[in-house]
């Protein structure tokens, strides 16, 4: 393992969560819009016989009254029928609004006793540099941001937090066991969402790579220069100064994992997802685990070696698994996520 890298990383030791978040928001993700002044939720449709009558599926619309105006977006809720006790729940930030979806095995999640809320990220703001799209157009009416206002990842995270605002009002959900899930760019979003909102039980990041779970220093595959050249609109403008200058970062991505402490965070890698750099995703867990331990938590418990496909390390407050294969959110990943929640609940 890259022991020299781990030794020279900036350390969040002694920093409060608010200090860590302020650093990440100032230099990487940007500051999110204010919470809405009020919210309502409309039921668009309800299917009481979903999955052969085992569950309820609702199509809903969130209406947020902000100081800039009203912003509305669709989302879905599914939950097992006839449950005697409140059930754990996932909030999935997805690439599509489908239930089920290739990244969202709805029936298997329900059969394991979980509810889920989901929404399509582009219903919040388009995944491009157009800052007149959706929520961006409301928050940035001229389509322009200041240096430290958030990019699209921050806007998607803002919407996920609004879903949490709704979820905690539902009596059939275990509101102490609601987790956030995302894959790839939405894995980055899930980590930021969970770090910002302490109500989340766990943040699940799948193949989030550069500017997500993976350390930026000595990273293989995608670098800050690559991601800022292609997707500068995901981040605040201040982040661009670190392109090609990773050693100048006053933090690294383990700060993002550490910002969820003392709550749980989970990183999933795929062995052939070299663009994301599974090694640096794993090393980030090790580095963040030190911060957890300093807080009196279990941190990241792992063997003294790099992971191989099939490894799953879940004894600590930071969970990790490596799946064989490429960049994808699979049923195997979901199986590990659900097992982790059951272990820690």
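Laboratory data are not the source of any read-out in this text; all were calculated from the coordinates shown. Source: prediction; values computed, not measured.
Structure above, values below:
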item: Cα gyration tensor shape of the chain, rounded if a/c is under 1.5, else prolate or oblate by comparing a/b with b/c; result: oblate
item: Among 190, 268, 167, residue whose mean-square fluctuation peaks in a GNM of the chain (springs only between Cα atoms under 10 Å); result: 167
item: Choice from 127, 207, 248 showing the highest fluctuation, given a GNM over the chain with Cα pairs closer than 10 Å; result: 248
item: Percentage relative contact order, region 3-344, counting C-alpha pairs under 8 Å, at least six apart; result: 16 percent
item: Most fluctuating residue given options 301, 117, 215, as computed from a GNM of the chain linking Cα atoms under 10 Å; result: 301
item: Antiparallel content of DSSP bridges confined to region 3-344, in %, to 5; result: 50 percent
item: Within the chain, helix-based [θ] at 222 nm, where runs of 4 or more DSSP H residues each add -39,500 (n - 2.57), nearest 500; result: -8000 deg cm²/dmol
